[in-house]
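A short reminder: the numbers here are calculations on the coordinates, not readings from a lab. This one's a predicted model, so the numbers in the text were calculated from it and none came from an experiment. Cβ coordinates were reconstructed from backbone atoms using ideal geometry, including for glycine residues, and neighbour counts include every protein chain displayed.
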Amino acid sequence: MSLRQVLTGAGVAILLANAALLLLVAVHHVAAALRARRRARVQEVLRPHLVRLATEEDAELPIVPRRRGTLLELLALDMLRKVRGEAREALVELLRDRGSARDAARRLGRPGALGRAAAAELLGAVGSRDDVALLRDRLHDRNAEVRAAAARSLGHLGDDGAVRPLVGALDGPRTVPYGTVTVGLLRAGPATVPSLREILTGWPTVAGRTMAAEVLGLHGAVEATGELVDRLGDPSEAVEVQAAAAGALGRIGSPRAVEPLGAALDPGTGQRVRVAAARALGAVGGARAAGLLGPLLADPAHEVASAAARALPGCGSAGIDVLRAHVVGGGAAGAHAREALALAELRADRSRAV
Amino acid sequence: MTVRDLVGDALDGFNWFVLGYFVALNTVYLVLLLGAARDIVGQLRRRVLTGEEDVFVNPVGPAVSVVMPAHDEEPVIVEAVRAMLGLRYPELEVVVVDDGSTDRTFEVLRDAFELEEVPLVVPELVPVRGRIRSTWVSRQGHPLTVVRKESTGSKADANNAGINASRHPILCMVDADAVLDEDSLLEVVEPFVDDPLRVVAVGGTIRAVNGSVVTRGRVSEVRLPRPWVARIQVVEYLRAFLLGRAGWARLRGLLIISGAFGVFRRDVLVEVGGYDPASIGEDADLVARIHRRMRDERRPYRVAFVSSATCWTEVPEGLDVLGRQRRRWARGLFQVLVAQRRMVANPRYGRIGGVVMPYYLVFELLGPVLELAGVVSVVAGLAFGLVDVDFALLFFVVAFGYGILLSVASVAIEEVGYQRDRRARDLAVSLVAAVVENVGYRQLHSWWRLHGLWQGLRGKDVGWGPMVRTGFATEAPPDRRTP
């Protein structure tokens, strides 16, 4: 092949590629603008009807052409995220009457991942307990987005039977992100507490037990205090689980937890657990908690001393007294105490101003 | 064989070598762009689903400290801090480090947020050279801390003071003039939530804010700037900082996270000793050291990139300021590669050492030498009749045409992938800028980089120089934003 031929070929290829890109950009821009305008026009017509349906008892939706069905579904789903109570029920009923849940269940088995994920999301919004099994299967989908959508939707449906599959999705070859499972379990509500208590004490993986501790705390599950204290005090337990148990005990706020949390402040315990226990004691509050936190102001680990100092105002006047005593003493403990007192006084000033 | 023949042969060989270099460079970029396109489409399709809301509503998600070093930022600082405080994120604090400002940076902050001096305990987790003079918090209840320190002329030192003063496990390091989209923090933190044990650092996209309308610290209308110097940088940032970095991240080879917007695990920053105040390219140096530490200790880790998390920043609109910036970047890259030379082409450091750093050495650092020499060589060869006209045309078609193709492709990927509501005129101007970027600007840029490399080799310490700030416009029309 001669140089001229190579030149011509390269030049033509590059020119054609550039021309094709320019054409693609121009066509896409025009098509997107037209699509957006058409969508806006249709939305302008449909949205008021949906709002009336959601807010008025006897409202009915006019007949919507089949080709507008997808847009109607998207609009209704968007509104579902923003409404509660009867308005939400009206929209869910609309979508169910239109067969959206049935269609979504069917789409869960289709090849396209985005379609399966969108179907899973829709089932979470309008599905019923009958769809839990389908969504549980999707927790093992080959696509990460589908798995995450299924986890979110299981949370929305609030079925206790989904707790173990959700926690199980933290481990294995096809996982769901930790944050997604957490939010899913939170959304499922207090009905999940019995299963979570079992998972806390008997699940084989650290991630599962950590998750259970955190969510139990977020649910304010007082009945789980015993199990959480056990996990916190078990020296063979993983640091992540111990720290999560401490955090949960702080959220629950049971006075039963004060002594176990105090024991976790021992210098032999890992720093992460000690910091979590200090914060938890501040959340539980009270004079005994203040007494346990006081010595930590002089702890050589900055994070521990700082956590203790910032937790003390949460213990009320007893905590403030401890801080004032340490200010007088000076040193590193005095510095932490001065900081915490100054911040507490600012907060108090703001409360008084309100 | 005459001397002329010998010179002609040597020139011929050299020119073919340079042509091969251009083909290799542009092909590497093409691979990165294609990888990035796939990644971006995936991320954007993901946004249609409700993933981000999980980060927002997750009460056990990581709290974030937004660290903002500031030196003489009086025109922009209050609005910038308000914007950071208004970011959509469940739990955050903003730590401003007033690095010895000589204007009223601190005073305007104090007045706007009713700052009160509080004796905060700031541990020296990472070394800080400039003495901390005082610490302040807001009486209004904002999660805002202002640290006043003596300036050592180093942004890295101010960053380190911010690391020490922050309280949360995730740090978002931003520039004082950075404008983040409302959800940028939610988006950029998501990898930490999804993979908390492995993700140690995440970068976001940097875009030029020039010409756009900024309302109360948020970009409300995206517009192209008027000066062509800035317009070309818009396309350049798209290609290099959005698609290039997304492509590298997809290959697990992200070496640079911009200092204007980078998110890190605080414990990892402390482990590697924070930023190096002696480094000009302190952002690249930091990430290189993180890679090195993780690999030396054989710890599983990931440095991620979220293309949808956007930070808008002001780019230079004058050639003098731009040239200074690019020379500094080249010196910074030289410093980093020298400091971490043990990693270069060392398989012990995996893809970073084996592929990415050699790429930066050959194509980014030494590339300008070859690029300029090649152009000069071909032109001179043509002038003296030593170079075949066909070859010269091939050279320019490959060097410029292929480069134009990549720039146009970048605009196309952004148009199709992001589907921003953009005026047709702006799109057309972007495409023109994509062409102009490769004819004239690129060669000028190579000259600056060459100059920067020379300065680095000579060990010349040249300061940052002043950046001309126009401040944020508040609902000002684009025409009046730039001087």
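Tell me, what is the percent relative contact order of region B:102-189, built from C-alpha pairs under 8 Å that lie six or more residues apart?
On the way: 88 pairs, mean separation 20.7, N = 88.
Relative contact order comes out at 24 percent.
Mind checking the angle between helix A:271-284 and chain A's longest principal axis? C-alpha axes, 0 to 90 degrees, to the nearest 10.
For helix A:271-284, the angle is close to 80 degrees.
Can you give the relative contact order of chain B as a percent, counting alpha carbon pairs under 8 Å and 6+ residues apart? Mind dumping the intermediate values first?
Numbers: 850 pairs, mean separation 94.3, N = 483.
Normalised by residue count, the contact order of chain B is 20 percent.
Among DSSP bridges having both ends in the protein assembly as shown, what percentage is antiparallel? Round to the nearest 5. Don't skip to the answer; put the middle values down first.
Details: 21 of 47 bridges.
So the antiparallel bridges in the protein assembly as shown amount to around 45 percent.
Between 0 and 90 degrees, rounded to the nearest ten: what's the tilt of helix A:193-202 against the longest Cα principal axis of chain A?
Around 70 degrees separate the two axes.
Would you order A:Val27, B:Val306, B:Val128 from fewest to most other beta-carbon atoms within 10 Å of each residue's own beta-carbon?
Values: A:Val27 10, B:Val306 22, B:Val128 27.
In increasing order of surrounding Cβ atoms, one gets A:Val27, B:Val306, B:Val128.
Out of B:Phe22, A:Leu123, A:Val163, whose Cα points farthest toward the positive end of the dipole of the protein assembly as shown (charges: +1 Lys, Arg; -1 Asp, Glu; placed on Cβ)?
It is B:Phe22, whose Cα lies furthest towards the positive end.
For chain A, give the magnitude of the charge dipole about the Cα centre (Cβ charges: +1 Lys/Arg, -1 Asp/Glu; no others), in debye to the nearest 20. Before the final figure, lay out each step's value.
Values: 46 positive and 37 negative charges, 350 e Å.
Taking the Cα centre of chain A as origin, the dipole is about 1680 debye.
Using the 10 angstrom Cβ neighbour count as an exposure proxy, how do B:Tyr89, B:Tyr418, B:Tyr275 rank, fewest first?
Values: B:Tyr89 22, B:Tyr418 17, B:Tyr275 27.
So the ranking, lowest neighbour count to highest, is B:Tyr418, B:Tyr89, B:Tyr275.
To the nearest 20 debye, what charge dipole does region B:127-182 have about its Cα centre, counting +1 at the Cβ of each Lys and Arg and -1 at the Cβ of each Asp and Glu? Walk me through the numbers on the way to the answer.
Details: 8 positive and 6 negative charges, 99 e Å.
Charge dipole of region B:127-182: 480 debye, to the nearest 20.
What is the distance, in nm, between label points placed 7 Å from the Cα along the Cα-to-Cβ direction at A:Ala32 and at A:Arg174?
Label-label distance for A:Ala32 and A:Arg174, simple model: 3.3 nm.
With a ≥ b ≥ c taken as the square roots of the eigenvalues of the C-alpha gyration tensor of region B:87-183, please select rounded if a/c is under 1.5 and otherwise prolate if a/b is larger than b/c or oblate if it is not? Before the final figure, lay out the partial values.
Values: a/c = 1.34, a/b = 1.17, b/c = 1.15.
In terms of gyration-tensor shape, rounded.
Averaged over peptide B:219-228, how many Cβ atoms belonging to another chain are found within 10 Å of each residue's Cβ? Present the calculation step by step, with values, prior to reporting the outcome.
Working: counts 0, 0, 0, 0, 0, 0, 0, 0, 0, 0.
Rounded to a whole number, the mean comes out at 0.
Given charges of +1 on the Cβ of Lys and Arg and -1 on the Cβ of Asp and Glu, with all other atoms neutral, how large is the dipole of the protein assembly as shown about its Cα centre, in debye to the nearest 20?
On the way: 103 positive and 95 negative charges, 305 e Å.
So the dipole magnitude of the protein assembly as shown works out to roughly 1460 debye.
Taking chain A as the reference, fit the longest principal axis to its C-alpha atoms, fit the long axis of helix A:331-353 to the helix C-alpha atoms, and give the angle between the two in degrees, 0 to 90, nearest 10.
Compared with the principal axis, the helix lies near 60 degrees.
Which whole number in µm²/s is D for region B:388-454 by Stokes-Einstein, with the Kirkwood Rh taken over Cα pairs at 4 °C and 1.567 mPa s? Working shown, then result.
Numbers: Rh = 13.6 Å.
It comes out at roughly 95 µm²/s.
Average projected area of the Cα convex hull of the protein assembly as shown, in nm²? Don't skip to the end; give the middle numbers.
Working: hull surface 160.0 nm².
One quarter of the hull surface, i.e. the mean projection, equals 40.0 nm².
If I model a spin label as a point 7 Å beyond the Cα along the Cα-Cβ vector, how far apart are those points for A:Ala40 and B:Leu6 in nm?
Rounded to a tenth, the inter-label distance reads 7.2 nm.
Please list, by residue number, every one of the trypsin sites (Lys or Arg not before Pro) in region B:420-455 that is coil in DSSP and has at most 11 other beta-carbon atoms within 10 Å.
On the way: sites: B:Arg420, B:Arg422, B:Arg423, B:Arg425, B:Arg442, B:Arg449; in loops: B:Arg420, B:Arg422, B:Arg423.
Here the sparse-neighbourhood loop sites are B:Arg420.
Evaluate peptide B:411-417: per residue, the Cβ atoms of other protein chains within 10 Å of its Cβ; return the mean as an integer. Show your work: numbers first, answer last.
Working: counts 3, 8, 2, 1, 7, 5, 0.
The mean count of partner-chain Cβ atoms within 10 Å per residue comes to 4.
So for chain B, considering every pair of alpha-carbon atoms, how many percent are separated by more than 40 Å? Could the numbers behind the result be given before it?
Numbers: 23436 of 116403 pairs.
Every Cα pair in chain B considered, those over 40 Å come to 20 percent.
Under the Karplus relation 6.51 cos²θ - 1.76 cosθ + 1.60, θ = phi - 60°, what is the ordered set of whole-Hz ³J(HN,Hα) values for region B:305-313, x standing for Gly and Pro?
Per residue, the Karplus-derived 3J(HN,Hα) values read 9, 10, 5, 7, 7, 10, 10, 9, 9 Hz.
Helices from chain B with mean Kyte-Doolittle at least 0.0 and a Cα length along the axis of 27 Å or more, per DSSP H: which?
On the way: long enough: B:3-48 (67 Å, 0.75); B:319-339 (29 Å, -0.02).
For chain B, where a helix must reach 27 Å along its axis and average at least 0.0, the hits are B:3-48.
Work through the residues other than B:Asp98 whose Cβ is under 11 Å from its Cβ and net out their charges, Lys, Arg +1 and Asp, Glu -1.
Details: positive: B:Arg104, B:Arg110, B:Arg133, B:Arg148, B:Lys149; negative: B:Asp72, B:Glu73, B:Glu74, B:Asp99, B:Asp103, B:Glu107, B:Glu150.
Neighbour charge sum, excluding B:Asp98 itself: -2.
To the nearest whole percent, what portion of all C-alpha pairs in region A:65-126 is separated by more than 13 angstrom? Don't jump to the answer; show the numbers that get you there.
Values: 1157 of 1891 pairs.
Looking at region A:65-126, the distances longer than 13 Å represent 61 percent of pairs.
Can you work out the PRE-style zone for A:Ala287? Point 7 Å along Cα to Cβ, and I want the residues of region A:321-350 with backbone N under 16 Å.
Once the point is set 7 Å along Cα→Cβ of A:Ala287, A:321-323 turn out to lie under 16 Å by backbone N, inside region A:321-350.
May I ask for the distance between the Cα centers of region B:377-456 and region B:266-280, given as a whole number of Å?
Answer, in whole Å: 36.
May I ask you to give the average projected area over all directions of the convex hull of the Cα atoms of region B:1-158, in nm² rounded to one decimal? Don't jump to the answer; show the numbers that get you there.
Numbers: hull surface 69.0 nm².
Averaging across all directions leaves 17.3 nm² for the Cα convex hull.
Which value results for Rg/Rh of region A:55-213 when Rg is the Cα radius of gyration and Rh the Kirkwood radius based on the inverse mean 1/r? Please report the intermediate quantities before stating the final value.
Working: Rg = 16.7 Å, Rh = 16.4 Å.
Here Rg/Rh amounts to 1.02.
Please report Rg (one decimal) and Dmax (integer) in Å for the Cα set of region A:253-312.
9.8, 29
Taking 8 Å as the Cα distance limit and 6 or more residues as the minimum spacing, I'd like the relative contact order of region B:35-165 as a percentage.
Computed over region B:35-165, the figure is 25 percent.
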